[in-house]
Amino acid sequence: MRILSISLDDESMRLINETQRKLGFRSRSRMLRTAITSMIKDYQTMDMLKGKVECVFVVTYRDAEKNKVTDIFEGYESAIETELHHHHAGMAIDVLNISADASKVRDFFGALKRSKAVKSVMYTTVRQGAQA
């Protein structure tokens, strides 16, 4: 097994230690390998999509980041068929029904995952391979 070194701020380290303890992982390395594997599987699943697809995304972010997230959404307006928006305790939650070519859905997913304004992104594929 190879060793990978990363730099983390104190808050990130505190959260990793807390999460490791709460989830019962024997080591931080094991927990981080599991997290990385999960993220890679998300990307691999998204990468396998072909043709026209329909997905439901759940996106969470702090209310204060609304403009940054809205800017991302606006770049994909033609793909967003339905949007449900909710605020709770300083957080915003958007549920989006996306229907577009798989490459556009992948671009949208990537834009959300790269954004520091987005706290979390989850998705599920409803339909794939439908005619455009």
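Here, each number is a calculation from the coordinates, and none is a lab measurement. If you're wondering where the values come from, they're calculated on a predicted model, not measured in any experiment. Cβ: placed from backbone, ideal geometry, glycine included. Neighbour counts: every protein chain shown.
Below, the figures for the structure above:
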{"read-out": "The chain: angle of helix 10-23 to the longest principal axis, Cα-based, in degrees nearest 10", "value": "90 degrees"}
{"read-out": "Pairwise label distance in nanometres, residue 17 with residue 93, each label 7 Å out on the Cα-Cβ vector", "value": "3.1 nm"}
{"read-out": "Charge dipole magnitude, Cβ of K and R +1, D and E -1 - the chain, Cα centre, debye nearest 20", "value": "900 debye"}
{"read-out": "FRET efficiency, 1/(1 + (r/R0)^6) with R0 25 Å, evaluated for residue 2 and residue 44 via beta carbons", "value": "0.75"}
{"read-out": "Lysines whose Cα lies under 16 Å from that of residue 66, excluding same-chain neighbours fewer than 8 positions away", "value": "113, 116, 119"}
{"read-out": "Furthest towards positive pole of dipole, 115, 70, 80, structure part the range 50-130, Cβ charges", "value": "115"}
{"read-out": "Sum of -39500 (n - 2.57) over DSSP H runs of 4+, divided by residues of the chain (222 nm, nearest 500)", "value": "-13500 deg cm²/dmol"}
